[in-house]
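The structure under discussion appears below in the form of structure tokens.
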Amino acid sequence: HKNHGNYTRNMRKRTTDSRCSSIRTKYRHKTEKLDFKFAPEAMPLPGAGPFSKALQSFVAGGIQPVVVGAFGEFNEEALSLVKYCAVKAANTQTGLGLSPFVNFKDSNP
């Protein structure tokens, strides 16, 4: 793999994961501010307000940021999204036609 200066692959990976974590934290803080502003009676417990509960009700317990770095690295959520889309596309007739295995079989008698 290429080493861009002293910036190794593991450092780039940690950068995208770090950014992902900071995005989640920012969203959590924003919902807590909304809870405080619009539902102050729910604020004795952080995360107990309606906006925080709505954020926590998402499938994975919050948002799933897709983060891509300057060198094409990406976080785990982005990888999961790409895999999910690939599986969905492969399950269609059009997707099957794009498969290298299908094309390989067709080209060999």
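For Phe74, the amide hydrogen comes within under 5 Å of the amide hydrogens of Gly69, counting only partners 5 or more places away or on other chains and with H modelled in the peptide plane.
Want the number for Ala86 to Arg19: 0.36 nm per residue separation, take away the alpha-carbon distance, what's left? Residue separation times 0.36 nm, minus the Cα-Cα distance, leaves 21.6 nm. Couplings for region 80-85, taken from phi via the Karplus curve 6.51 cos²θ - 1.76 cosθ + 1.60 with θ = phi - 60°, read 4, 5, 4, 4, 4, 5 Hz in order; Gly and Pro are left as x. Taking every protein chain into account, the 1.4 Å probe leaves Arg24 with about 80 Å² of accessible area, to the nearest ten.
The values are calculated or read from the model by the stated rules, or taken from the named source; none is laboratory data. Only a predicted model underlies this, so the values are computations on that prediction, with no experimental measurement involved. What goes into the accessible areas is simple: the full protein's heavy atoms, side chains included, and nothing from ligands, DNA or RNA. Shrake-Rupley method; radii C 1.70, N 1.55, O 1.52, S 1.80 Å.
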